[in-house]
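**Q** Below is a structure I'd like to ask you about.
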Amino acid sequence: MNVSEALKTRITCRAFLDKPVPEETVREILELAKYAPSGGNLQPWHAYVVTGKKLEEFLGIIAEKQKENLFGEGTEYDIYPKGLKEPYKTRRFKCGEDMYARIDVAREDKAGRRAQFSRNFCFFDAPVAMFFAIDRQMGLGQWSDLGMFIQSLMLVAREKGLHTAPQEAWAIWYKTVAEFVSMPEELMLFCGLGLGYMDESAPINQLRTDRAPLEEFATLTGF
């Protein structure tokens, strides 16, 4: 699989098969992703990987906490900007509506939407969970580097026939995540990510989000 194909076939997988991913494969993915660029070669990313019985234990803790508070512990950063303007507001709204349409959950079906939201916190049944963190000393440039590392990891996963679900939603459980993986205080959780084999038959995995035309986001000069 070439890079172009990996980019075009990468989606946020929201239904995984009950099929384990070998430790060797996970290690290979991480080893290749580390070649992502970073300013000054700081390599500011930190990854925590959880699977098997430890993942079951962690998800059990989250499930119990969700009974008291579905929306977690708050976040240490704004996942989306407050007062999101156009065209971003419409893009976000359409993404959500298209997703729920795939699983026949109407806007007025609050219970159905809460149930789908809660599936974030079982990693959509992915067999491998990852958490990504960054040192609190780092600035906006290094957050960009962390994003490039995660993108590189997702593309390598596609090369190996796997899919991923990057999830900033995990930021609402930052305290519980940090405690469970023994994350040092100087690190801040950015997101989680599920890794595994996609359930091709799941309707929700048929979702393909729109992309703006080139003229909408790029200015080319001098050609």
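**Q** Kindly state, as a whole number, the per residue volume in cubic angstrom of the convex hull around the alpha carbon atoms of region 133-223.
**A** About 172 Å³ per residue, rounded to a whole number.
**Q** Collect residues whose amide H, placed 1.01 Å from N in the peptide plane, falls under 5 Å from the amide H of THR164; neighbours closer than 5 in sequence don't count.
**A** ILE11, CYS13
**Q** Restricting things to alpha carbons, find the Rg to Rh ratio for region 116-176 using the Kirkwood radius for Rh.
**A** 0.99
**Q** Would you mind telling me which residue in VAL128, VAL181, VAL156 has the biggest mean-square fluctuation in a Gaussian network model of the chain, where springs connect alpha carbons within a distance under 10 angstrom?
**A** VAL181
**Q** May I pose another question? Taking only C-alpha pairs under 8 Å that are 6+ residues apart, what is the relative contact order of region 1-138 in percent?
**A** After rounding, I find 54 percent.
**Q** Can I ask one more? Based on DSSP H runs of at least 4 residues, each adding -39500 (n - 2.57), what is the mean residue ellipticity at 222 nm of the chain after dividing by all its residues, to the nearest 500 deg cm²/dmol?
**A** That calculation yields -12500 deg cm²/dmol at 222 nm.
**Q** For the chain, modelled as a GNM with alpha-carbon contacts under 10 angstrom, which of ALA133, ALA33, ALA212 fluctuates the most?
**A** ALA212
**Q** For region 1-113, treating each Cα as an identical point scatterer without solvent, what Debye log10 I(q)/I(0) comes out at q = 0.11 1/Å?
**A** -0.68
**Q** Between region 146-186 and region 1-79, what's the alpha-carbon centroid distance in Å?
**A** 3 Å
Bear in mind these aren't lab numbers, they're just calculated from the coordinates by the rules spelled out. In this text the structure is predicted, and so the values were computed from the model without any measurement.
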